[in-house]
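Reviewing the structure listed below.
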Amino acid sequence: MAEQAPATSSSSPLTDDQYDEACDLVGEGVNLVAQFRENKDASLLEKAIANFRDSLRIWTKGHPDRPIPLTNLSNGLWHRFEVEGKMEDLEEALAYAEEAFPLHHPGELGYYATLQLLRSTMGARFEYTNNMEDLKKTLDYPRRHFKLSLGQLQAQR
């Protein structure tokens, strides 16, 4: 696992070095996930997940870029769930996607990626648990997206 970056509070601005480190961690993590998707080497996925976790220690709650590693960490955990089938990965992927979703703005790529992660993780959890609440939430995410997008369009007028 990569050395842990020092946590910063949302009230103290990041140094350029901290910001660059967080960007590098996320960028490398995204590349590692892409490599994992090509060759299925689980060690690449583990390193990517570690990078995303380390970037969250830099981009703490309240930082405007926090949704980026949240969504990417959710995605990495989702891939690991698909490979290993561990419910804790699914639960964690869902939790990070739920944290990230309201932080993204409709129209951003991350917004749609997170919406898809929410639907995938919630749908998978329904398949495992048969909890009707999960199914309702899975079906509700597109409606919620439409309402948020419509509300933003009306606010822009």
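Data overview
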{"read-out": "Karplus-derived HN-Hα couplings along the stretch 107-115 (A = 6.51, B = -1.76, C = 1.60, θ = phi - 60°), whole Hz, x at Gly and Pro", "value": "x, 7, 4, x, 4, 6, 5, 5, 4"}
{"read-out": "³J(HN,Hα), Karplus 6.51/-1.76/1.60, whole Hz, each residue of the stretch 88-99, x for Gly, Pro", "value": "4, 5, 4, 4, 5, 4, 5, 4, 5, 5, 5, 5"}
{"read-out": "Average accessible surface area per residue within the stretch 37-114, 1.4 Å rolling probe, Å²", "value": "45"}
{"read-out": "Computed lengthening from Lys86 to Tyr128, 0.36 nm per intervening residue step minus Cα-Cα distance", "value": "14.0 nm"}
{"read-out": "Zone of Glu108's modelled label, taken as backbone nitrogen in the stretch 48-83 under 18 Å from a point 7 Å along Cα→Cβ", "value": "52-53, 55-76"}
{"read-out": "The stretch 43-105 - Rg (one decimal) and Dmax (whole number), Cα, Å", "value": "11.3, 33"}
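The values are calculated or read from the model by the stated rules, or taken from the named source; none is laboratory data. What you see is a predicted model; the values in this text were computed from it and never measured. In this analysis, Cβ positions are derived from the backbone assuming ideal geometry, glycine residues included, and neighbour counts consider all displayed protein chains. Just the protein is used for accessible areas: all its heavy atoms, side chains included, with ligands, DNA and RNA removed. Shrake-Rupley method; radii C 1.70, N 1.55, O 1.52, S 1.80 Å.
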